[in-house]
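The numbers here are math on the coordinates, done by the rules we state, and not lab data. Bear in mind the structure is a predicted one, so any value in this text is a computation, not a measurement. As a convention, Cβ positions derive from the backbone with ideal geometry for all residues, glycine included, and neighbour counts pool all protein chains shown.
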Amino acid sequence: MTTHALLVDPPARAVLSDDQIRARAVHLLATILERDPETVQQAHSLRADLGMDSLSALEFLSSLSHEFDIDLEVEETYGLTTLNEVVALVTQRVRGSL
Amino acid sequence: MNVAADAPTDGEVMGLLIEETRRFLAREVDPAAIEASGRIPDRVVAAAASAGLFALTIPESHGGLGLPLRSAGTIVAELARVDRSVATMVGLHAGLGTRSLVVHGSDARRARWLPALAEGERVGAFGATEAGAGSDLQAIRTIARPEGAGLRIDGEKSYVTNGGFAGLYTLLVRTPGLGGERSFSMVCVPRETPGLSVGPEEDKLGIRASSTVTVRLDDVYVPSDHLLGAPGAGMDLAHEALGWGRVVMATGCTGTARYALDATLAHVTARRQFHRPIGDFDVARMQVSTMAATLFAMESLADRAACAAEAGGDLTGLSAAAKVFCSEGAFTICDAALQLHGAMGFLEQTGVARALRDCRITRIFEGANDVLLVHLGAGMLIARARPETPSSGHPAFDEFERRLARLVAENRAEFGVRGTQRQLLTSRLARAEVCALAARASLDRAATEPESAELAAFAVDQLTREGHRQLDALRFIQEDERAAASLSKRAYSPWASGRSA
């Protein structure tokens, strides 16, 4: 999992809407899990619904860091269980780092 | 009648069992002949069963010996000193082959299968790996679909140890109908189930008499109670079983290494060159001392992992560390043994060559070491808090542990979650951690074994030096990553050009 076709240029982050961030996150997750993005729901639990273990979850979070050029600290990822929570964290960090 | 007074203690049971195991090995097991025949003869399997070797970890309530993992490991190590194929058969049965059924099977299935497994009437096998799913278990394609009161299974499992003659297969399969599209479950399939078929024995570098086959499942139907644990919990069960199995494998490696060291000691004290035993030369002394110290550390770490397994709790990191350390240690010791035997070691008659090829697979199966190290290191970077370790009384080691803790914290702060994906970082940290765990286990063992103090101190010195080497190498990660990316790209291009999608 090294190809991120959607890599965001820093200036472009300013204009990303919440929906766009969400869509990119879902696309990234679907690529990692090799599944159709249409079947991924925001309320999905990473573990129970998406079958992710701690390692694939780390891969996802790390890819998000690259994708949006944000630094996700280890501590702030504790307790994330659903895709919604991950997207909320990423959105907050994208806005915060502008 | 005082039952308690009549019942043998665990120590007495073990004493008898070790004697019985040695008798079995002396009477029945000729490793060269067994290897040459390419399979473990039926009479050896039957004699192993009579000796109780299939009953080790099966609960007493179901006809087994109910031994703790640590004791089972002792027996597997004893077997591995003589024949690694036989040790693998017994170890796999006691570990991956039966563990999940013992812990998670329904009462009815446990009552049905466990006594036969304890008797060796059915031998246990385990299947997770597939042609397209090695270290990446998420890629498993074998699928079990709910149908009526059971499951219909289709797929194929590769490299199934004991598979050629097993009576019960515990399989990790996808069960999208049970708890989500990405759900996995563990299921038992008895040998006689229609649709289960077994391929030819694989021809292998080592443990040549151990059975390794592909198991096919075509339209296999089993009742729902063949599922182990909660539907959809298969990946957790598999990791739990692998944690248990890796401890058994680590102890097996100590047996092979013990054999190689003993053979070397006999050789270097008898073989004379330049008018003295070759064991009297400094270079040989250093090699033999390093072998002995490595073995001491291997036994200490494997024992620590076995005790932790008995105590319950998450075994993932410790069992992976023990498996990596013991499989690499055994290979290094066998290689040094062969070298010290000179050209004689390259000949089959010494048995050292067989030990070397037999232990090679342990660095690969039940989790390739490279992958285990990457995962172990990622785990270190995201662990909530690194527990403060008490002073060991060995200042150089304490200093190394502090350096390791500091570097974990620094890399975590610098790279955040992204650090977990940098494999050169995670694997180097993990190698340092494995050194720390092995050293700590050696020191703790020496505290209860005063006669081992000198050996333990030497082991800790060596492990501390190696740990520092791994931490020193953290400085070069960026340039190593860059160089490896560029060089591999060049090297791959003529091979990959015709294959790109």
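Subtracting the Cα-Cα distance of residue B:409 and residue B:495 from their residue separation scaled by 0.36 nm leaves 26.9 nm. Placing pseudo-labels 7 Å out from each Cα toward the beta carbon at residue B:282 and residue B:50 gives an inter-label distance of 5.5 nm.
Among A:78-88, B:184-194, B:480-490, the peptide with the highest mean count of other Cβ atoms within 10 Å heads the list, and the full ranking is B:184-194, A:78-88, B:480-490. For segment A:52-98 versus segment B:268-317, the spacing of their alpha-carbon centroids is 45 Å.
Taking amide H atoms as placed 1.01 Å from N in the peptide plane, the amide H of residue B:150 lies under 5 Å from those of B:224, each 5 or more residues away in sequence or on another chain.
In a reduced charge model with +1 at each Lys and Arg Cβ and -1 at each Asp and Glu Cβ, chain B shows a dipole moment near 1320 debye about its Cα centre. Taking label points 7 Å from Cα along the Cα-to-Cβ direction, residue B:205 and residue B:147 give a separation of 4.1 nm. Computed over segment B:289-336, relative contact order equals 51 percent, with contacts defined as Cα pairs under 8 Å that lie 6+ residues apart. Under 5 Å from the amide H of residue B:198 lie the amide H atoms of B:216, each residue being 5 or more positions distant or on a separate chain, with H modelled from the backbone and absent for Pro and chain starts. In this Cβ point-charge picture (+1 for Lys and Arg, -1 for Asp and Glu), the protein assembly as shown has a dipole of about 1060 debye about its Cα centre. Counting only other chain Cβ atoms within 10 Å of each residue's Cβ, the peptide B:415-428 averages 5.
Putting +1 on Lys and Arg Cβ atoms and -1 on Asp and Glu Cβ atoms, find which of B:108, B:493, B:138 reaches farthest to the positive end of the dipole of chain B. Working it through, the farthest residue towards the positive pole turns out to be B:493. Considering segment B:124-231 at the alpha-carbon level, its Rg and Dmax are found to be 13.5, 44 Å. Note on residue B:323: lysines with a C-alpha under 26 Å away, same-chain residues under 8 apart excluded, are B:157, B:204. Considering only B:222, B:158, B:207, the residue lying farthest towards the positive end of the dipole of segment B:124-231 is B:207, judged by Cα position with unit charges set on Cβ.
Amide H contacts of residue B:168 (H built 1.01 Å from N, in plane; Pro and chain starts excluded): B:123, B:125, B:191 sit under 5 Å, all sequence-distant by 5 or more or on other chains. Coordinate range of the alpha-carbon atoms in segment B:67-115 per principal axis, descending: 37, 19, 15 Å.
Taking one quarter of the surface of the convex hull spanned by the alpha-carbon atoms of segment B:371-484 gives a direction-averaged projected area of 7.3 nm². Under the convention that each Lys and Arg Cβ holds +1 and each Asp and Glu Cβ holds -1, the size of the dipole of segment B:124-231 around its Cα centre is about 160 debye.
Over chain B, the alpha carbon radius of gyration divided by the compact-protein estimate 2.2 N^0.38 Å works out to 1.01. Computed from phi, the 3J(HN,Hα) profile of segment B:152-161 under the Karplus parametrisation 6.51, -1.76, 1.60 (θ = phi - 60°) reads 9, 10, 9, x, 8, 10, 9, 6, 7, 5 Hz, with x in place of Gly and Pro.
For segment B:371-484, relative contact order (Cα pairs under 8 Å, six or more residues apart, normalised by length) works out to 33 percent. Provide the FRET efficiency to the nearest 0.05 for the residue A:30-residue B:131 pair, computing r from the beta carbons and using R0 = 30 Å. Efficiency for this residue pair is about 0.75. Across segment B:7-119, Cα-Cα distances exceeding 16 Å account for 57% of all pairs.
The residues packed around residue B:437, meaning those with a beta-carbon under 14 Å from its beta-carbon, carry a net charge of 0 if Lys and Arg are +1 and Asp and Glu are -1. The phi torsions of segment B:81-95, fed into the Karplus equation with coefficients 6.51, -1.76 and 1.60 and a -60° offset, translate into couplings of 5, 10, 8, 6, 5, 5, 4, 5, 4, 6, x, 5, 4, 6, x Hz, rounded to whole numbers, with Gly and Pro shown as x. Rounded to whole numbers, the Karplus 3J(HN,Hα) couplings from phi for segment B:99-115 are 4, 5, 5, 4, 8, 10, x, 5, 4, 5, 6, 4, 5, 6, 9, 4, x Hz, using 6.51 cos²θ - 1.76 cosθ + 1.60 with θ = phi - 60°, and x at Gly and Pro. Above 33 Å, the calculated P(r) of the protein assembly as shown contains 50 percent of its Cα-Cα pairs.
In this simple spin-label model, placing a label point 7 Å from the Cα along the Cα-to-Cβ direction at both residue B:61 and residue B:472 gives a separation of 5.6 nm. In this structure, residue B:30 and residue B:344 have a Cβ-Cβ separation that, at R0 = 22 Å, corresponds to a calculated FRET efficiency of about 0.65. Cysteines in chain B lacking any other cysteine Cβ under 4.7 Å from their own Cβ: B:188, B:307, B:334, B:359, B:435. For chain B, the relative contact order works out to 12 percent when only alpha carbon pairs closer than 8 Å and six or more residues apart are counted.
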